[in-house]
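The values are calculated or read from the model by the stated rules, or taken from the named source; none is laboratory data. Everything numeric in this text was worked out from a predicted model, so none of it was measured. Cβ placement follows ideal geometry from the backbone for every residue including glycine, while neighbour counts extend to all protein chains displayed. Accessible surface areas use protein heavy atoms only, side chains included; no ligands, DNA or RNA. Shrake-Rupley method; radii C 1.70, N 1.55, O 1.52, S 1.80 Å.
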Amino acid sequence: MWLPACTLAKNVPENWDNKNLFLAWISTPSHMSQTPDANLAETLQRLHAIVEASPLAIIALDGDGTVRMWNPSAERIFGWAEAEVVGRRNPTIPPELEQEYRSLIASRMQGLSQSGFETTRARKDGSLIDVRVWTAPLRDAGGAVTGMMTMLVDNTQSKHAEREKLQLRASEQAARAEADVEKRYRRLLEAAPDAILEVDRQGRIVLVNMQAERLFGYTRAELLGKPIETLIPGRFRGRHPAHRDTFFEHPVMRPMGTGLELYARRADGSEFAVDVTLSPYDSEGAGRVICVVRDVTERKLAEEQIQMLNQHLEQRTAELVATNKELELRNREVERVNRLKDEFLASMSHELRTPLNSIIGFSDLLAEQGAANFNPKQKRFLGHIQQGSRHLLELINDILDLSKIEAGHLELKYEDFDLAPAVAEVVATVRPIATAKYMQFDSAVAEGLVLYADRLRFKQVLYNLLSNAIKFTASGGQVSIEGAAVDGFIRFCVADTGIGIPAGEQQAIFESFHQVGTTTKGVREGTGLGLAITKRLIEQHGGSIWVESELGKGSRFFFTLPVRLSEGEAVSTREDEAPLVLVVEDEGAAQELMVSHLEEAGYRVMTVGSGAEAVQTAINLRPDVITLDLLLPGKSGWQTLDELKKSPVTSAIPVIIVSVVEERKKGLSVGAADYLVKPVSKERLLATIGRATAASGRRASERRP
């Protein structure tokens, strides 16, 4: 509602009441006569009727909020009579809205109108009501604002109706939601994979789902209202009511029959294993329970199978324990046998090689130094000694090497070395034998190839194959060695024109103690271990060996080993001053033999017979190389090596172990520069010492005499 600005009437009759005067004040237009007449009276009466009959509370206020008019509806709505409020401040303003009320009056005094807003007002009894308010400024004849007119309508009923409407709408929505929940519950109930039944306190079935029908074989109509005992095997029915009563006395969610085997009964009388979960709830004050029944027949079968498997496993485990104990005993026996074997090999190595070392060494020395003094017969006898001792050494070495290979004790010392010189060394060794048989001996090995292998074992392989080729080839025949790089390997071929190998024995020749036949001299030689050792050494290097042969037309032995390209030629060092070698050896014959070889090669030699002497002499003389026997009186060779490597004065001196004890891996791991097993040839001894002196890098001027 919009109220126009009101103006003040002048010269109204004195006998008019307060409300008529106010109505005249707000209704007299400025162009009317100053004296009231019939028209003014009629207008006032109409306005008075409107104000009196209006359902709105109409309140007129002056500029400070004092009430100037209060109509019957204001009395009805707020409870104050007109006489109680006219001339006083507006009593309907709650304290908390006082500031808002003051702002409202101030804005009206500025001439602004309010089209309507909702707020709260107080009644005489102290209660608060919701009202809607319209306001407009009051002006005098000159247009100045003197107060404001306020009209209010009680919104309590409409607010209450709106709240009820909202509540009804919320209730409707809740009902719909509950209906949706009920539908979803029904769908979930019917879609559940387990049978679900609701049972009341008397044991009657009041709800079933579709899976319950399928599981038990009854229709829904057949189950509803029936006792739950209908679904329990006969032998359990008598005890079930008591169990049900006990459950309802203390209803909690739990599995039924914990620790027991539960069974259910179908409509056809068949039984099946089940799991049952009970969940109590109140339905309209009546206790009920939801029973979830699951068919566990397949699970039971699986459990029985697992149990049988576990029993079988336990049985097998017991058998394995017994077998393991037996294997443990056998392993201990094998370890004992291997230990005895190792001890035997060590004993054989020492007991056989020690005298052979002296026999071979001194026979060679006699052959070199006494050739001019011996008659032909003596020379022939000396040759027999040399030949027999070397043959015996070969047999011993073959047996011990094969034993070490089969026991896994043979350690290969890999290194890069030029192939051609290594082959040339072996060829130079066997060529005299071929020459003695008037054989043609050819060697064709490509230059610039570098082999990554154990140099000593490679030469052993090549020597075995070449010596066999010469042995089984008649005088005037032909033997050759070829080597070339092929697909990342070096392929060797040792060929001869000898007696050949039958096709049926070409695989067996690589077995231990196997001999094909006689040599060209008509006798069997050796132990039949050479090719077995050769095959194992090649395979341990990652290569392979095979033979192509035709009886009476010769043989060709092929083998491969890994190859590396040469990165440059080896650097050799020649010293102007003779290097000093300290020989640590307590056995007189072995000591004398080594001194003879070394001095003949131009070395200066100092000898000691114990470990204590070795350490002190090495500190005093600082030799270029030390040869060390392990079997020494008092302090062992291992202790001596340890002290030499710990001393800052002697730690850089190369130490070469020369002993009948075969522990190469251990020797190299504790600091030895090389490891030689007695008996050792003169050539190998000198070559090893030469490498050690070159590697040490010590100049002649730095050595002490």
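General observations
- Within the stretch 217-266, the residues that satisfy the criterion of being among the small types (Gly, Ala, Ser) and closer than 20 Å to residue 190 by Cα are 217, 221, 225.
- Counted residues, the stretch 236-273 - those being charged (D, E, K, R) and at pLDDT 90 or above: 4
- Apart from one condition, residue 132 fits all of (1) buried (at least 16 other Cβ atoms within 10 Å of the Cβ); (2) more than 25 Å from residue 63 (Cα to Cα); the exception is (2).
- Filtered residues of the stretch 280-298 (kept if under 22 Å from residue 236 (Cα atoms) and surrounded by fewer than 14 Cβ atoms within 10 Å (Cβ to Cβ)): 297
- Test result for residue 519, modelled with pLDDT under 85 and either within 30 Å of residue 685 (Cβ to Cβ) or β-branched (Val, Ile, Thr) (or both): yes
- Residue check, residue 665 open to solvent by 30 Å² or more (accessible area, probe 1.4 Å) and touching a residue at least 40 places away in the same chain (Cβ under 8 Å): yes
- Residues satisfying the stated conditions in the stretch 472-505, i.e. touching a residue at least 24 places away in the same chain (Cβ under 8 Å), assigned to a loop (DSSP other than H, G, I, E, B) and within 25 Å of residue 562 (Cβ to Cβ): 488
- Residue within the stretch 607-626 that is outside any helix (DSSP H, G or I) and under 19 Å from residue 681 (Cα atoms) present: yes
- Scanning the stretch 187-235 for residues that are out of contact with any Lys or Arg (no Cβ under 9 Å at 6 or more places or on another chain), free of Cβ contacts under 8 Å to residues at least 60 places away in the same chain and either part of a helix (DSSP H, G or I) or within 18 Å of residue 263 (Cα to Cα) (or both) turns up 187, 188, 189, 190, 191, 211, 214, 220, 221, 222, 223, 235.
- Check on residue 96, over 20 Å from residue 156 (Cβ atoms), open to solvent by 30 Å² or more (accessible area, probe 1.4 Å) and in a helix (DSSP H, G or I): no
- Residue within the stretch 693-704 that is modelled with pLDDT of 90 or more, open to solvent by 20 Å² or more (accessible area, probe 1.4 Å), in a helix (DSSP H, G or I) and more than 22 Å from residue 413 (Cβ to Cβ) present: no
- Residue 618 open to solvent by 20 Å² or more (accessible area, probe 1.4 Å) and either touching a residue at least 60 places away in the same chain (Cβ under 8 Å) or at negative phi (or both): no
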